[in-house]
Amino acid sequence: MTPREAQPGEGRREQPRTHRRRLARSRRLFAFDRGLGSRFVAGTDEAGRGCLAGPLVAAAVLIDYDTLTVSDRRALSGLHDSKQMTEERRLEMFPNVLRAAERVSVVVRSAAGIDRRGLHVTNVEALGVALERLELEESVMALVDGFSLPRCPVPHRRVIGGDATSAAIAAASVIAKVTRDRYMHEAALKHPGWGFEEHVGYSTPEHRAAIEELGISPLHRRSFASVAYTQLGLEGGDNVLDLEDYIVAIEEDPDGVEADLGVARG
């Protein structure tokens, strides 16, 4: 008889003290949102801002605290900043957020798009679009992790360290992180050798070593050359394409992503 594969969450029991700390962190996040005095709280966050390769993914999540069920609250217990969660925890939390949220939106901006517009401009634009796609009413309290969005028409509040402060922002961080990681794992099959399945585009020693050996892939952000690639001695080398040869129209982006993925309504 073939052994059954372990499912997420199986085979590893959390220590009671760790479990209590995780639940306490989660309660603080939900208490922050409820303390805002609004029935509806929306949060937005991104994943991939500091990567050398791959897209930037922004997500926004709307929570209706009046209709959030006991089951939803239980499923979201342990919600926290996605960067502080294990991959296993994020994968467990992802469908729970989708079920509990009133609406979810995801916006993807490609490496080539980041090179054209600049990282900061791309980041704040994507966060703003993610909020807009939720089609929020005026009564909604909209929160953004770390940034003010000057061109976003949606009234919002900047929260420093928001993914460790607000449940709605933490939920958005999980959606953004899992969406981006899944994309990079698939991209690793098309672009083998750089280790995208492991570091998902972040600047790790293994990633830098792969760039030094192989050069850059179509997924790499060329606008980071002055920081990352110069340190590797690649600037102007044979392994690096000329920037004007790399910049292409949106529909021709090498990594094939530059889109608003729409809104999932609860």
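The values are calculated or read from the model by the stated rules, or taken from the named source; none is laboratory data. Given the structure is predicted, the values throughout are model-derived calculations rather than measurements. All Cβ positions, even for glycine, are placed from backbone atoms using ideal geometry, and neighbour counts span all protein chains on display. Side chains included, ligands, DNA and RNA excluded: accessible areas come from the protein's heavy atoms. Shrake-Rupley method; radii C 1.70, N 1.55, O 1.52, S 1.80 Å.
What pairs come up if the first residue lies in segment 38-66 and is over 20 Å from Gln84 (Cβ atoms) and assigned to a loop (DSSP other than H, G, I, E, B), the second is open to solvent by less than 10 Å² (accessible area, probe 1.4 Å) and among the basic types (Lys, Arg), and their beta carbons are under 8 Å apart, counting only those six or more places apart or on different chains?
Pairs found: Leu52/Arg221; Gly54/Arg180; Pro55/Arg180.
Check Arg39, Arg49, Arg73 and return the single one that is open to solvent by 50 Å² or more (accessible area, probe 1.4 Å) and within 16 Å of Ala126 (Cβ to Cβ).
Arg49
Looking only at segment 110-120, decide whether some residue is under 19 Å from Ala171 (Cβ atoms) and open to solvent by less than 10 Å² (accessible area, probe 1.4 Å).
no
Kindly check whether there is at least one residue in segment 130-146 that is part of a helix (DSSP H, G or I), open to solvent by 10 Å² or more (accessible area, probe 1.4 Å) and within 20 Å of Phe32 (Cβ to Cβ).
no
Quick check on my filter: what residues within segment 147-169 are surrounded by 13 or more Cβ atoms within 10 Å (Cβ to Cβ) and of a type in the set (A, V, I, L, M, F, W, C)?
Hits for segment 147-169 are Phe147, Leu149, Cys152, Val154, Val159, Ala164, Ala167, Ala168, Ile169.
Among the residues of segment 77-128, which ones are farther than 30 Å from Asp66 by Cβ, of a type outside the set (Val, Ile, Thr) and in a loop (DSSP other than H, G, I, E, B)?
Passing the criteria: Ser110, Gly118.
Is one or more of the residues making up segment 3-21 out of contact with any helix residue (DSSP H, G or I) (no Cβ under 8 Å at 6 or more places or on another chain) and at pLDDT 80 or above?
No, that holds for no residue.
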